[in-house]
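S.K.: To start, I am sharing the structure in question, which I have written as structure tokens.
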Amino acid sequence: MINITFPDGNVRPFEAGVTAIDIAKSLSEGLARNVLSAGIDGEVWDATRPIQKDAKIQLYTWNDPAGKATVWHSSAHLMAEAIEQLYPGVKFGIGPDIENGFYYDIDTGEKTLTEADLTDIEKRMIEIARGKQTFNRIEVSKAEAEKYFTEKGDEYKLELISELTDGQITLYKSGTFTDLCRGPHVPDTSMIKAVKLTSIAGAYWRGDEKRKQLTRVYGITFTKAKELEEYLVLLEEAKKRDHRKLGKELELFTFSQKVGAGLPLWLPKGAQLRERLEQFLKKVQKEAGYLPVITPHIGNVNLYKTSGHFDKYGKDSFRPITTPIEGEAFFLKPMNCPHHCEIFNAKPHSYKDLPIRYAEFGTVYRYEQSGELHGLTRVRGFTQDDAHIFCTPDQIKTEFKGVIKIIMRIFKALDFKEFVTQISLRDPNNKEKYIGSDENWEKAETAIKEVAVEEGLEAILVEGEAAFYGPKMDFMVKDAIGRKWQLGTIQVDYNLPERFDLSYIGADNDRHRPVMIHRAPFGSMERFVAVLVEHCAGNFPLWLSPEQAIILPISEKYQNYAEKVLQFLNNSDIRALIDDRSEKAGKKIRDAELKKIPFMLIVGEREEAEGSISLRRHGQGDVGTFSLQQLADMIHEEESRMQQA
RNA sequence: GCCGAUGUAGCUCAGCUGGCCAGAGCAGCUGAUUUGUAAUCAGCUGGUCGGGGGUUCGAAUCCCUCCAUCGGCUCCA
């Protein structure tokens with residue numbers, strides 16, 4: 001007999017060789033039907049794998065991430081089996097589960113898979129799944145594994161095997177398909193009820209662009225048909241929120257082939273929105289002691305040689321601009337910090353001056369590979385809400401707190417309710433790849449960790465994720481439909497002060513090296529606006545909305561009154577317009593709803609008589625009649641509520 | 001940059017097994033209508049069918065090439 005410990009601490013004896021399914025059955029038949037895999041002493045096992053010794057058990061169902069992963073991993077096998085049956089002779093790379101489903105990298109040889117083939121594969125997968133195939137775990141020696149895949153002629157699997165340790169190799173056989181695999185898998189394929197192959201793409205073998213490109217097929221599966229439907233609804237919702245689509249519909253920005261790929265053109269409404277964001281941050285930064293600076297869009301190549309960026313990125317940048325006579329080379333600036341370092345260097349500094357905070361909405365240009373461009377989130381010219389804080393090592397902590405305060409204020413003003421903080425630290429086993437003294441790193445990392453605790457941030461610590469020049473703190477927001485976006489960042493930099501030989505005179509009358517902190521609460525205006533659009537689905541907070549109110553006269557007869565209302569609103573600093581087309585109210589309302597204008601003010605005979613408006617709020621419908629003053633107060637109250645600290 | 005797909009009016013799309021003058025809806029313009037909480041009616045305007053080259057008597061349609069966009073890969077100071 002062996003002792004099995006349950007998550008609640010209960011211990012019960014079972015026969016040696018018992019499986020997780022057996023154990024689940026002893027609890028309830030229903031549970032047993034839903035068990036997908038099991039955690040055995042912290043390792044994920046097949047629910048059908050015999051347990052030979054005392055162990056802690058955890059049963060995974062669809063509600064556990066590990067359970068889903070088991071289903072998706074099994075689905076990758078299922079898909080491979082289907083593909084192998086349909087297109088014999090294909091070879092397989094790797095086929096893991098991912099955050100939302102799974103993929104398999106396949107060398108399809110002569111055959112080119114296209115989207116049209118996906119339906120056939122899906123059908124075959126469902127057929128196989130219904131066959132209730134089991135996944136049989138086979139422990140093999142390295143030689144046996146090599147023999148199998150040599151005979152099969154799958155060089156990819158052989159390459160994977162060559163890196164494995166003999167004695168730890170397992171194969172899984174399900175139906176006609178045998179795969180090199182660590183497992184675990186679901187008890188049988190009938191648990192996979194719904195299949196959707198989502199896309200097909202090229203992917204380099206082992207992520208190496210010098211190696212062969214395989215065909216990657218992405219898919220997702222579910223244990224209930226209804227879950228697939230829900231998933232498809234979510235995909236639809238994401239499509240509706242796509243900032244590229246909404247950006248066009250709401251006339252925020254556009255691109256022109258003539259201007260160039262990845263170079264966004266901000267349309268009047270988008271520019272207004274962006275300006276409002278900038279003004280908001282400028283105001284907040286002014287209060288926080290930032291000093292605005294302005295630097296040019298190009299810089300001499302020597303600037304980037306000093307900063308080190310030339311060596312690292314020079315080859316992958318836009319080609320330099322040269323002067324006609326002297327032949328001097330200038331680069332479009334890919335970042336603002338080198339310029340800011342030179343501003344710091346423009347005069348000597350005392351420790352009493354620090355911290356110094358230079359802020360600039362600086363437009364930078366980076367050559368992104370053509371396949372990388374994506375709406376406003378990945379562009380070749382963008383504006384960072386950049387600032388560089390020059391301070392002493394002892395001031396890092398306070399400065400971080402100051403920046404966090406700004407970031408929190410922004411999140412609040414834009415209704416980002418959920419976010420996580422990530423602190424990226426250096427790899428403790430590889431300290432030599434980082435610049436800066438051990439003592440300084442220790443100091444900065446400790447300071448950042450303490451700040452997170454003191455500010456009550458839920459921070460994830462990730463070792464080895466720091467840049468070579470310093471540790472950093474990043475903020476990841478969750479948008480309205482649960483997607484994660486990386487936004488604000490705060491980074492400590494020991495490198496640039498060194499390279500630019502920055503210094504200040506300390507109380508001891510000696511020269512000291514300041515620390516530099518890069519920070520951008522929005523990141524870039526382009527990316528931030530994109531995320532904001534997707535988060536609020538184009539329904540911007542009132543204070544940002546390019547058009548806050550639209551006046552809808554019932555007929556031409558009320559045009560004069562509509563203009564009086566407009567004047568009142570303009571005088572009250574409210575952005576409004578009149579829809580004076582000779583359309584029916586229903587049509588005007590429909591169009592205003594589609595344009596996502598927050599307040600619709602309907603004016604007709606009654607309103608004119610009593611000097612009021614009939615208010616309809618976007619997405620809510622009729623909310624009643626208000627006086628003009630009441631309306632203005634309502635709008636102002638809502639605007640300022642979100643922007644407050 | 002790589003793999004695959006796509007590119008027709010301002011927008012969304014049809015036509016694309018080569019052959020009447022390239023179509024529709026919305027938007028725009030003109031006129032009628034004077035309207036009460038998500039689409040009033042009629043008429044009109046608008047397109048080098050992404051650019052270039054080729055095959056053909058004839059190309060939006062077939063081929064080549066370049067560009068852009070989309071889904072991924074690689075990259076991201």
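Rule-based calculations on the coordinates, nothing more; no lab input. The structure displayed is predicted, hence computed values, not measured ones. In this analysis, Cβ positions are derived from the backbone assuming ideal geometry, glycine residues included, and neighbour counts consider all displayed protein chains.
S.K.: Listed highest first by mean packing, meaning other Cβ atoms within 10 Å per residue, what order do A:185-193, A:10-18, A:433-441 come in?
M.R.: Ranked by mean Cβ neighbours within 10 Å, highest first: A:185-193, A:433-441, A:10-18.
S.K.: Still on this model: Report the gain in length on full extension from A:T446 to A:E605: 0.36 nm times residue separation, minus Cα-Cα distance, nm rounded to one decimal.
M.R.: Separation in residues times 0.36 nm, less the Cα-Cα distance, equals 50.5 nm.
S.K.: Counting Lys and Arg as +1 and Asp and Glu as -1, each charge on the Cβ, what is the dipole of chain A about the Cα centre in debye, to the nearest 20?
M.R.: The calculation lands at about 900 debye.
S.K.: Further, regarding this structure: In terms of the ratio Rg/(2.2 N^0.38 Å) built on C-alpha atoms, what value belongs to chain A?
M.R.: The value comes to 1.19.
S.K.: Still on this structure: For the range A:371-465, what is the charge dipole size about the Cα centre, in debye to the nearest 20, if Lys and Arg each add +1 at the Cβ and Asp and Glu each add -1 at the Cβ?
M.R.: For this selection, approximately 380 debye.
S.K.: Another question about this same structure. Expressed as a whole number of Å, what is the distance separating the alpha-carbon centroids of the range A:19-69 and the range A:330-407?
M.R.: With the range A:330-407 and the range A:19-69 each reduced to a Cα centre, they are spaced 51 Å.
S.K.: Moving on. Would you mind ranking A:V293, A:V477 by Cβ crowding within 10 Å, fewest neighbours first?
M.R.: Result, fewest neighbours first: A:V293, A:V477.
S.K.: Could you name the lysines in cross-link range of A:K132, using Cα to Cα under 28 Å and dropping any fewer than eight places away on the same chain?
M.R.: List returned: A:K25, A:K68, A:K91, A:K123, A:K152, A:K157, A:K173, A:K193, A:K196, A:K224, A:K226.
S.K.: Distance between Cα centroids, the range A:163-230 to the range A:608-627: provide it in whole Å.
M.R.: 56 Å
S.K.: Where a ≥ b ≥ c are the square roots of the eigenvalues of the C-alpha gyration tensor, would you call the range A:34-76 rounded, which needs a/c under 1.5, or, failing that, prolate if a/b is larger than b/c, or oblate?
M.R.: prolate
S.K.: Quick one: grab the alpha carbon gyration tensor of the range A:255-297, order the square roots of its eigenvalues as a ≥ b ≥ c, and give me rounded if a/c is under 1.5, else prolate or oblate depending on whether a/b is larger than b/c.
M.R.: oblate
S.K.: Another question, then. Helix-only mean residue ellipticity at 222 nm, chain A, DSSP H runs n ≥ 4 weighted -39,500 (n - 2.57), per residue, nearest 500. What is it?
M.R.: The per-residue figure over chain A is -11000 deg cm²/dmol.
S.K.: Shape of the range A:298-356 from its Cα gyration tensor (a ≥ b ≥ c, root eigenvalues): rounded if a/c is under 1.5, otherwise prolate when a/b > b/c, or oblate?
M.R.: prolate
S.K.: Which of A:L277, A:L303, A:L552, A:L27 comes first, and how do the rest follow, when ranked by fewest Cβ neighbours within 10 Å?
M.R.: Taking fewest neighbouring Cβ atoms as first place, the list is A:L27, A:L303, A:L277, A:L552.
S.K.: Would you mind checking the tilt of helix A:65-86 against the longest principal axis of the Cα atoms of chain A, expressed as 0 to 90 degrees and rounded to 10?
M.R.: It is inclined by approximately 70 degrees.
S.K.: What angle do you read, to the nearest 10 degrees and between 0 and 90, between the alpha-carbon axis of helix A:585-594 and the longest principal axis of chain A?
M.R.: Between the helix axis and the principal axis of chain A, the angle is about 60 degrees.
S.K.: Going toward the positive end of the dipole of chain A, with +1 on Lys and Arg Cβ and -1 on Asp and Glu Cβ, which of A:V44, A:I550, A:S424 do you reach last?
M.R.: Going by the Cα projections, it comes out as A:I550.
S.K.: Between 0 and 90 degrees, rounded to the nearest ten: what's the tilt of helix A:268-287 against the longest Cα principal axis of chain A?
M.R.: 80 degrees
S.K.: Same structure, new question: Quick one: go through the range A:323-355 and flag any residue whose amide nitrogen is under 16 Å from the point 7 Å out along the Cα-to-Cβ line of A:I505.
M.R.: Inside the label zone: A:345-354.
S.K.: Quick one: which of A:381-387, A:505-511, A:631-637 comes out on top by average Cβ neighbours within 10 Å, and what's the full order, highest first?
M.R.: The peptides rank, most packed first, as A:381-387, A:631-637, A:505-511.
S.K.: What is the dipole size for the range A:120-174, taken about its Cα centre, with +1 at each Lys and Arg Cβ and -1 at each Asp and Glu Cβ, in debye to the nearest 20?
M.R.: It works out to roughly 420 debye.
S.K.: Let's test the formula: R0 of 60 Å, r as the Cβ-Cβ distance of A:S350 and A:Q629. What FRET efficiency results, to the nearest 0.05?
M.R.: Taking R0 as 60 Å, the efficiency between A:S350 and A:Q629 is 0.65.
S.K.: Evaluate the distance, in nm, between pseudo-label points positioned 7 Å from the Cα of A:D188 and of A:T398 along their respective Cα→Cβ axes.
M.R.: 7.0 nm
S.K.: Which of the GluC sites (Glu not before Pro) found in the range A:238-334 are in a DSSP loop and have at most 14 neighbouring Cβ atoms, other than their own, within 10 Å?
M.R.: A:E251, A:E326, A:E328
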